[in-house]
Amino acid sequence: MGLFDKIKSGLKKTRDVLTGRMDDLVGSYKELDDDFYEELSDILVMSDIGMETTQLAVDRLREKCTSEKIGDPEKARAALKQILVDIMTAPPMPLESPMALIIVGVNGVGKTTTIGKLASRFKVIGRKVIICAADTFRAAAADQLTVWAQRADVPIVKHKEGADPAAVVYDGVQAARARGADILLIDTAGRLHNKVHLMEELKKISRVVERDYPEAKIKALLVIDATTGQNGLAQAKVFSDVANIEGIVLTKLDGTAKGGIAVAIANELHMPVRYIGLGEQIDDLQPFDAKEFIDAILG
């Protein structure tokens, strides 16, 4: 299966809902009028693109169709696709060396599997990777991460459950420096019930990396479960308050019809989607491409 076909297959649930409704809309109108735009807005909102982003996209479409004298609904659909691509397009994230990549997100979003998949992907392209299991709060977190480290065939640094996360990160940094690693992947705790504690813990981890690994570029990726829809936006807002988020990893897109949340995240949070998860296999994490994504959900 080619890369686009894999993405298209993984986004089937979103496409089945969105494309079917778009086909019905385009087939029901011979010209563009207020009713067309109103129905289009409803379709986009129902796919979890969200009110704010839907309004922006539809307003831009109205302006484009008016200025370019587009009256054909099928051409309007093509114009909408390009508008959504433009909203989501961002410069790629450079993989600098050395780099400390701090992975954040609430428990249950697929953070552990994402780290394993990222490790595998980076190794395949020739990067030397070390995983640091700094989520010492959740039971068996380090054990689960160890399984993924073995699948990716990369080393892991871990302590016993309940250890100080900053101490684990310190050892991870020492290992990365000693072994000349390109990328240090750092897992973190995902509890949100105590935002102050979360903030202090993430700050402490960042301070350890800054102090003991000054040559490394520090970035943070936020993992969001696509099946949570608009709740993912709320999670992103909390984490953006406590960490300098460089981009989003959107997981479990194969299990939801709410794939439109990716557009809302890019627009409302000004955070680029960097990777998308489309399954449970180690190679099911794909770099995000805005055009491929929109083509896959809108046909």
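General remarks:
- First in the range 68-83 and outside any helix (DSSP H, G or I), second anywhere and of a type in the set (Gly, Ala, Ser), Cβ under 7 Å, 6 or more apart: ILE70/ALA76; ILE70/ALA79
- There is at least one residue in the range 100-108 that is in contact with a Phe, Trp or Tyr (Cβ under 6 Å, 6 or more places away or on another chain), under 23 Å from GLY232 (Cα atoms) and not in a helix (DSSP H, G or I).
- Of residues in the range 1-48 being among the acidic types (Asp, Glu), assigned to a loop (DSSP other than H, G, I, E, B) and in contact (Cβ under 8 Å) with a residue 40 or more places away in the chain, the one surrounded by the fewest Cβ atoms within 10 Å (Cβ to Cβ): GLU31
- Selection within the range 203-220 - over 13 Å from VAL242 (Cβ atoms) and of a type in the set (D, E, K, R): ARG207, GLU210, ARG211, ASP212, GLU215, LYS217, LYS219
- Test: residue in the range 54-66 that is modelled with pLDDT of 90 or more, in a loop (DSSP other than H, G, I, E, B), surrounded by fewer than 17 Cβ atoms within 10 Å (Cβ to Cβ) and of a type in the set (Lys, Arg): no
- Subset tally (residues that are closer than 28 Å to GLY126 by Cα and in contact (Cβ under 8 Å) with a residue 24 or more places away in the chain) for the range 172-212: 21
- Positions within the range 237-271 being part of a helix (DSSP H, G or I), free of Cβ contacts under 8 Å to residues at least 60 places away in the same chain and buried (at least 21 other Cβ atoms within 10 Å of the Cβ), in sequence order: ILE265
- When restricted to residues that are hydrophobic (A, V, I, L, M, F, W, C) and touching a Cys at 6+ places or on another chain (Cβ under 8 Å), the range 60-105 contains 2.
- Looking across the range 120-147 at every residue that is in contact (Cβ under 8 Å) with a residue 60 or more places away in the chain and not in a loop (DSSP other than H, G, I, E, B), the one that is surrounded by the fewest Cβ atoms within 10 Å (Cβ to Cβ) is identified as ARG121.
- Scanning the range 109-122 for residues that are in contact with a Phe, Trp or Tyr (Cβ under 8 Å, 6 or more places away or on another chain) and hydrophobic (A, V, I, L, M, F, W, C), we see that the one that is nearest to ALA133 (Cα to Cα) is ILE115.
- Identity of the residue in the range 241-299, of a type in the set (Lys, Arg) and in contact with a strand residue (DSSP E or B) (Cβ under 8 Å, 6 or more places away or on another chain), that ends up modelled with the highest pLDDT: ARG274
- Selection of the range 41-98 for residues being over 26 Å from the mean Cα position of the chain (by Cα) and at positive phi yields only LYS69.
- The set of residues in the range 166-207 being assigned to a helix (DSSP H, G or I), at pLDDT 95 or above and crowded, with 21+ Cβ neighbours inside 10 Å consists of VAL168, VAL169, GLY172, VAL173, ALA176.
The values are calculated or read from the model by the stated rules, or taken from the named source; none is laboratory data. Predicted, not measured: the structure shown is a model, and the values here were computed from it. A quick note on method: Cβ atoms are made from the backbone with ideal geometry, for glycine too, and the neighbour counts reach across all protein chains shown.
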